[in-house]
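The values are calculated or read from the model by the stated rules, or taken from the named source; none is laboratory data. Everything quoted here is computed from the prediction, not taken from an experiment. As a convention, Cβ positions derive from the backbone with ideal geometry for all residues, glycine included, and neighbour counts pool all protein chains shown.
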Amino acid sequence: MKIRMLVGATALTLLLAACGGASTETTPHDHEEGEAHAEAEAIREGAHGGRLLEQDGLIVELAIAEDGTPPKYRAWLSRDGKPLPPTAGRVEVTLTRLGGIVERHALTPQRDGSLMASTVVGEPHSFDVEVSARIDGRTMRWRYPNYEGRTTIAADIARTSGIRVAPVAAGVIADEHEVQGLLTPVEGRIARVAARFPGPVRRLTANVGDRVRAGQTLAVVESNLSLTDYPVTSPLSGVVLARNASVGTVAIEGAPLYEVADLSSLWVDLHIFGADAQHIRPGVPVTVTRMSDGISAETTLERVLPGTATASQSTVARATLANADGLWRPGSAVKARITADRQAAALVVPLAALQTFRDWDVVFIRVGDAYEVRPVALGKRDAARVEVLSGLRAGDQVVVEQSYLVKADIEKSGASHDH
């Protein structure tokens with residue numbers, strides 16, 4: 001699997017390179033009066049580790065404070081290299097995230113000489129930034145991109161690479177248990193057909209596997225008492241499972257000549273181990289799968305038997321399986337999925353959508369040709385899906401196939417945690 005993943009990632013890289021590659025760049029906005037573009041020159045760092053934004057000697061040093069607190073914008077003001085008190089101006093930061101989501105963070109004076117927002121900057125710190133400052137009666141603006149965990153993949157390349165997205169929506173998380181079991185005839189629907197009187201078997205009319213009907217003659221026996229022939233008939237319609245006599249042998253009273261079973265339905269005896277048996281109850285849905293060809297059928301758990309299977313020390317749960325076509329055969333081993341509980345969830349994504357990025361659980365959303373990481377808080381999960389508690393909105397287009405290729409391309413592009 002690791003080799004296949006590496007090959008897939010390499011293939012995507014080659015496709016991207018052939019078409020100009022993934023991009024984490026943007027084109028700056030047109031210059032406006034009183035506005036500067038911080039990307040026009042190399043990013044300069046201030047004394048507090050923040051980004052320096054300057055116009056005509058007035059400087060705003062802007063950073064996202066993350067030292068043991070939820071990330072918030074913080075700023076320091078200065079003129080010609082000399083600090084200004086925080087009351088000398090005001091600062092507002094407007095963020096536009098992928099998909100056009102806009103956030104505003106207003107910074108207010110603090111006692112330590114800085115300005116700080118009360119609002120938290122959520123992850124990822126990936127957005128187009130507009131900073132508006134008014135200092136000593138002058139209004140200034142700066143705009144710049146600040147991307148992390150983002151890449152661009154053209155639609156045709158994504159399609160060729162097998163990258164597929166689907167909208168996030170409500171769903172169901174199932175408490176499912178994978179078990180194994182055995183098909184057996186239903187009790188009361190199997191008959192041992194015996195001679196009423198002892199005597200030689202003169203004729204046998206059915207073979208193993210034959211379908212017979214109730215009342216059909218299966219054998220003719222000559223009675224030792226009356227020296228006349230009498231028929232031995234099937235008490236039910238079904239399939240001959242065994243023939244225990246041959247012509248000329250002596251039928252013993254009560255000894256079965258045939259075994260006939262009605263196999264139009266079968267019992268599925270499922271073996272449940274350990275604590276699972278404590279919360280599996282009758283009435284829950286069961287999906288039974290034939291091991292021979294993978295064909296599945298739906299049924300309902302009817303009962304949990306009170307005893308324990310001696311050989312396996314398992315609890316046996318029983319369901320009935322319709323078998324009108326006769327393709328389910330008694331004695332066959334099957335596997336089954338018991339759905340013990342189903343809980344509605346406001347948002348779910350397939351497990352295949354999940355990746356890790358830094359120390360987060362993440363998915364990747366797509367807007368146009370842009371893909372970006374989304375840290376998510378996860379809830380309950382089953383074999384196919386996981387509940388998303390936060391980090392996504394209903395309708396977000398999430399990568400549900402080949403998400404590791406998107407992760408590889410983002411890591412290749414070097415999108416950093418740059419504030």
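Taking region 65-97 as the search range and keeping residues that are among the β-branched types (Val, Ile, Thr) and either more than 19 Å from PRO124 (Cβ to Cβ) or at pLDDT below 95 (or both), which one is surrounded by the most Cβ atoms within 10 Å (Cβ to Cβ)?
Per the criteria, the residue is VAL91.
Test GLU61 against the stated conditions and say whether it is in a strand (DSSP E or B), without any contact (Cβ under 8 Å) to a residue 40 or more places away in the chain, on the phi < 0 side of the Ramachandran plot and among the charged types (D, E, K, R).
Yes; evaluated as a whole, the condition is true for this residue.
Could you tell me whether ASP112 is of a type in the set (Asp, Glu), in a strand (DSSP E or B) and not assigned by TED's automatic domain parsing to the domain that holds ALA377?
no
Restricting attention to strands (runs of 3 or more DSSP E) lying wholly within region 185-301, give those where 3 or more residues are in contact with a Gly (Cβ under 9 Å, 6 or more places away or on another chain) and closer than 23 Å to LEU327 by Cβ.
It comes to 238-243, 265-272.
Does ILE365 fit the bill of being in contact (Cβ under 8 Å) with a residue 12 or more places away in the chain, in contact with a His (Cβ under 7 Å, 6 or more places away or on another chain) and among the β-branched types (Val, Ile, Thr)?
no
Considering each residue of region 403-413, count those that are surrounded by fewer than 21 Cβ atoms within 10 Å (Cβ to Cβ) and either touching a residue at least 60 places away in the same chain (Cβ under 8 Å) or β-branched (Val, Ile, Thr) (or both), and give that number.
Matching residues across region 403-413 total 4.
Would you check if LEU183 is of a type in the set (A, V, I, L, M) and under 25 Å from VAL288 (Cβ atoms)?
Answer is yes for this residue.
For ASP369, indicate whether it is surrounded by fewer than 16 Cβ atoms within 10 Å (Cβ to Cβ), closer than 21 Å to ALA155 by Cβ, of a type in the set (D, E, K, R) and not assigned by TED's automatic domain parsing to the domain that holds LEU98.
Spelling it out, ASP369 is indeed surrounded by fewer than 16 Cβ atoms within 10 Å (Cβ to Cβ), closer than 21 Å to ALA155 by Cβ, of a type in the set (D, E, K, R) and not assigned by TED's automatic domain parsing to the domain that holds LEU98.
Looking at VAL250, VAL348, VAL268, VAL286, which is the one that is closer than 30 Å to GLY395 by Cβ and touching a residue at least 12 places away in the same chain (Cβ under 8 Å)?
VAL348
Can you tell which of ARG374, ARG342 is touching a strand residue (DSSP E or B) at 6+ places or on another chain (Cβ under 9 Å), part of a strand (DSSP E or B) and crowded, with 16+ Cβ neighbours inside 10 Å?
Answer to the check: ARG374.
Determine whether region 228-239 contains at least one residue that is out of contact with any Leu (no Cβ under 9 Å at 6 or more places or on another chain) and either within 30 Å of VAL363 (Cα to Cα) or among the charged types (D, E, K, R) (or both).
So far as region 228-239 goes, yes, one or more of its residues are out of contact with any Leu (no Cβ under 9 Å at 6 or more places or on another chain) and either within 30 Å of VAL363 (Cα to Cα) or among the charged types (D, E, K, R) (or both).
Where residues in region 130-171 are polar (S, T, N, Q) and not in a strand (DSSP E or B), which of them is surrounded by the fewest Cβ atoms within 10 Å (Cβ to Cβ)?
THR160
Which residue pairs have Cβ atoms closer than 7 Å, lie 6 or more positions apart in sequence or on different chains, and pair a first residue in region 136-147 that is at pLDDT below 95 with a second residue that is among the aliphatic types (A, V, I, L, M) and outside any strand (DSSP E or B)?
ASP136/ALA88; TYR147/ALA415
ARG337: free of Cβ contacts under 8 Å to residues at least 60 places away in the same chain, under 30 Å from ALA394 (Cβ atoms) and either among the basic types (Lys, Arg) or in the same structural domain as VAL239 (by TED's automatic domain parsing) (or both), yes or no?
Against the criterion (free of Cβ contacts under 8 Å to residues at least 60 places away in the same chain, under 30 Å from ALA394 (Cβ atoms) and either among the basic types (Lys, Arg) or in the same structural domain as VAL239 (by TED's automatic domain parsing) (or both)), ARG337 does not qualify.
Quick one: ALA383 ticks every box in (1) crowded, with 18+ Cβ neighbours inside 10 Å; (2) outside any strand (DSSP E or B) except a single one, so which number is it?
(1)
In region 73-94, what residues are assigned to a strand (DSSP E or B) and either aliphatic (A, V, I, L, M) or without any contact (Cβ under 8 Å) to a residue 24 or more places away in the chain (or both)?
Within region 73-94, ALA75, LEU77, SER78, LYS82, VAL91, VAL93 meet the criteria.
Since GLU103 meets every condition but one in (1) assigned to a strand (DSSP E or B); (2) more than 30 Å from PHE364 (Cα to Cα), which condition does it not meet?
Here GLU103 clears every test but (2).
Within region 155-176, can one find any residue that is in contact with a Ser or Thr (Cβ under 7 Å, 6 or more places away or on another chain), touching a residue at least 60 places away in the same chain (Cβ under 8 Å), within 25 Å of SER292 (Cα to Cα) and not small (Gly, Ala, Ser)?
Yes, that holds for at least one residue.
Considering only region 302-326, how many residues are among the aliphatic types (A, V, I, L, M), farther than 15 Å from SER265 by Cβ and in a loop (DSSP other than H, G, I, E, B)?
2
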